[in-house]
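J.: This is the structure, below, for whatever I ask next.
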Amino acid sequence: MSTVADEPQTDAPRTPPGRTPTPALRRVRGDARPAWQRVVAVVALLVTLPILLVVGSLLTPSGETWSFLVQAGLGSMVLTTIALGVVVTLGATVLGAALAWLVGRHTFPGRALFSWLLVLPLAIPAYVLGFVWIGLLDHPGPVQTGLRAAFGPDVWFPEVRSFWLAAAVLVIAFYPYPYILARAALREQSATTYEAARALGAGPLVAARRVLLPLARPSLAAGAMVVAMETLTDFATVRYFGVETVSVGIHQVWVGMYDRQAASELAGVVLLFALAVIAAERVGRGGMRFTQQNAGRRLEPTPLVGRHAVLATLTCVAVLAVTFVVPVVQLLLWSRPSETDVGLDSRFLGYVTNTLGIAVAVAVLCVGVGVLLASAARLGGGRATTWLARAATVGYAVPGPVVAIGVLIMLSAIDSAFDSVGISLGTTLVTGTVAGLLYAYVVRFLALAWGSVDAGLEKVSPSLTMAAVSLGVRPGRVLRRVHLPLLRPGIGVALVLVAVDTLKELPIMLLLRPFGFETLAVWVDQLATESRWESAGPPALTIVGLAMIPIVLVFRRTLSDGARDSDGARD
């Protein structure tokens, strides 16, 4: 209560039970709630409007546009997108769950270290991982060059720019998502049910499949859904491998033809895929519940000895080498002054400045709106307000190209409205300002900020908020003097999460950036598209370095503590 002790108090006495509230208290409760409810409604409208506009393009289809899209190979794009989504989702989920099982249920040399090192691939964008492995495996690369030197010029090597290698790169890029969630699910499970299954004669794998896996199903489903969404969003990686998906088609239609109608129709197709993924997860879960009563002590990891311990360590080393060490080493080699024509000149520093500026601006905007949204939902109250607050976070469940096209449609309509009344802005909102870019990023990443802030606000007792309001403190001052001081840890985490995702994000930047506005991600994509791997090394390495710092700070403690605790308990 010290945060509100110095606030002015009303002279109205506290209302006894059964009596009508005083006018002052009625004014605070009666006028403030609708105002904060309107804040939530406005934020929800601004966030969902671009997505609704894409939905509207599907509800009002153009026969001519669809005919053009079909002739351009829409059917093949749809089938490729479905196949790629299924392969990558299954592969990344199986790999992430297997690694979580290995690290979470066993002890072996290096286990505590690998438990958090295995998330480092999150620092490498999928498109960076893609062009690195193309550079390593392509005909002029070191792998094929070494094979030809050893076995002759006619040695066989599989096609590099193919569907399957693109899927493999996306699997190793996205497996940390199910790994993190499965790791957390295993740490939370009770030993009782597993030991009961073992006592009834079930082997370790049977007990895990029949007991542990069903209880971890919500976490695995959430991880699989994130992987599916990331696969739908990606177009740079698959484009390097020559794989045509619907997201690639959106980029080609907009950048090559500036056909807004065709781009919006394609974005609607991607949105349908996203909705299908969400619906499949919900339908698959059905009415089942996944709870444990009286969880008790946690599962104790099984010690591995001899060759099993060596094999477990080598497995983690191999995964980490393929997904992080080899790509980073290759980027370092390409970044040597003797290997690249890109130096630390004004252009490079300008790209870094633009990248950091956008990341900081988006993080601050998202966290600011997230704090406002979470506090407004708390101060406004009511089920409708809560649902509107959740609707405002729908952007993170929608692929980036869909958000970008929705914002394009919205800003184009605003431009046309201003032109119709004779108001000239001197430029177009679609391609002439950073405002549309920031707006799209806020729509896309607001959920990250709101999730961290709302989780922190849930720890603040509602009685503390109501006590301040009952003393006559205005809701705005409750936000500044009560909520913000208590939300500092959640705000810090939210800033980090949004900034990292903004650093790596590419589709929104490519579709909405103003002419001449370059960032590290755009620069990397331009160089990689031209197969200038060495020149792409320094900017790509800069992205990885900037993203790796917060990832290490966040996951080093959260994922390794459980391993140390279990080891300590065993000892």
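Just so it is clear, none of the values below were taken in a lab; they were calculated from the coordinates. Since this is a predicted model, take the numbers as computed values, not measurements.
J.: Taking segment 226-281, how much of its Cα-Cα pair set, in percent, is spaced more than 18 angstrom apart?
T.: Of all Cα-Cα distances in segment 226-281, 35 percent exceed 18 Å.
J.: So what are the ³J(HN,Hα) numbers for segment 169-181, from phi and the Karplus equation (6.51, -1.76, 1.60; θ = phi - 60°), rounded to whole Hz, Gly and Pro as x?
T.: 5, 5, 4, 6, 7, 10, 4, x, 5, x, 4, 4, 6
J.: What number, in percent, do you get for the relative contact order of segment 108-187 if the mean sequence gap of Cα pairs under 8 Å and at least 6 apart is divided by its residue count? Display every interim value, and only then the final one.
T.: Working: 38 pairs, mean separation 34.1, N = 80.
After rounding, I find 43 percent.
J.: Treating each Cα of segment 141-182 as an identical point scatterer and ignoring solvent, apply the Debye formula and state log10 I(q)/I(0) at q = 0.14 Å⁻¹.
T.: With one equal scatterer per Cα and no solvent, log10 I(q)/I(0) is -0.51.
J.: List the residues, sorted by chain then number, that are 5 or more residues from residue 106 or on another chain and whose placed amide H is less than 5 Å from its amide H.
T.: For residue 106, whose amide H was placed from the backbone, the distant partners under 5 Å are 302.
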